[in-house]
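The values are calculated or read from the model by the stated rules, or taken from the named source; none is laboratory data. Because the structure is predicted, anything quoted here is derived from the model rather than measured. Every residue, glycine among them, receives a Cβ derived from its backbone with ideal geometry; neighbour counts consider all protein chains shown. Surface accessibility is based on the protein's heavy atoms, side chains included, excluding ligands, DNA and RNA. Shrake-Rupley method; radii C 1.70, N 1.55, O 1.52, S 1.80 Å.
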Amino acid sequence: HGQVQGLAQRGLGPVGQLLHGQVVGSTRDLSATYYNPGGLSLGEDPDFLLSVQAFKRQNVTTTPLEGGEFLNVSDTEWGTFPGFVAFAFPESWLGERTRLAFSLLTRQESNQRINQRFAGDEPITGGRFGLETLYDQRMQETWGGLTLSRRIGKRWGLGATFYGVYRSQRNRWEQNLQLAVPSGQGLAALVINDFDYGHWRVLGKVGLAWEGDALRLGATVTTPGAGLFG
């Protein structure tokens, strides 16, 4: 039995980070490619956005089902999240009312590793034993998308982002037991349960944004993902 705790999904872009992603109605910079594509056309000519200063704290805890010290461990890690990068294509391509942009972001990432060792005397045979356990997981999901956003009148913006998504994950669960007795005999056992995979899918986001004098509103719909191959 294991329990994994980590930081919730962080915001993208400087404003999204400060407001923890609660910007569906207000975002107007290039992070709108993710939060609300409709808001991109209402912004002030964004050209490029690079965001890498996001930090995480991750705690991994395992608790045995029957109690005891075996695999009763905890590990805390501090680190940085990969960034979010986006750029807009020249306005001359589609006119001043229409914006075209590309964005690349790491939507999910998790790196976990727990290692526990035991060594001691075996009371029945008088030998020595060693036991090692290992849990290792690496997971990453990257989104790349093309956004088209159109200003409608002075106050409305309608847009959509088409994403291609790649997810990779590797898990390894390992146990290693060694026993040596005074007669010179010994025992060694190794158990491994390992898998890794990669998967491609596509999905879309559609957004509508409204710009008032003192109020901004927005709504988005995210489609289900359609698996391609993996």
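Go through the range 87-160 and name the GluC sites (Glu not before Pro) that are in a DSSP coil and have 15 or fewer other Cβ atoms within 10 Å of their Cβ. Before the final figure, lay out each step's value.
On the way: sites: E91, E96, E109, E132, E141; in loops: E96.
Those that pass, being in a loop and sparsely packed, are E96.
Computed over the range 136-230, relative contact order equals 27 percent, with contacts defined as Cα pairs under 8 Å that lie 6+ residues apart. Kirkwood analysis of the Cα pair distances in the range 170-230 returns a hydrodynamic radius of 17.8 Å.
Farthest toward the positive end of the dipole of the range 99-230, out of N111, N176, A101, is the Cα of A101, where the dipole comes from beta carbon charges about the Cα centre. Ligands, DNA and RNA excluded, the heavy atoms of W156 present near 120 Å² of accessible surface to a 1.4 Å solvent probe.
Considering only DSSP states other than H, G, I, E and B, which trypsin sites (Lys or Arg not before Pro) in the range 124-230 qualify as loop sites with at most 10 other Cβ atoms within 10 Å? Show your work: numbers first, answer last.
Working: sites: R128, R138, R150, R151, K154, R155, R167, R170, R172, R201, K205, R216; in loops: K154, R155.
Those satisfying the criteria are K154.
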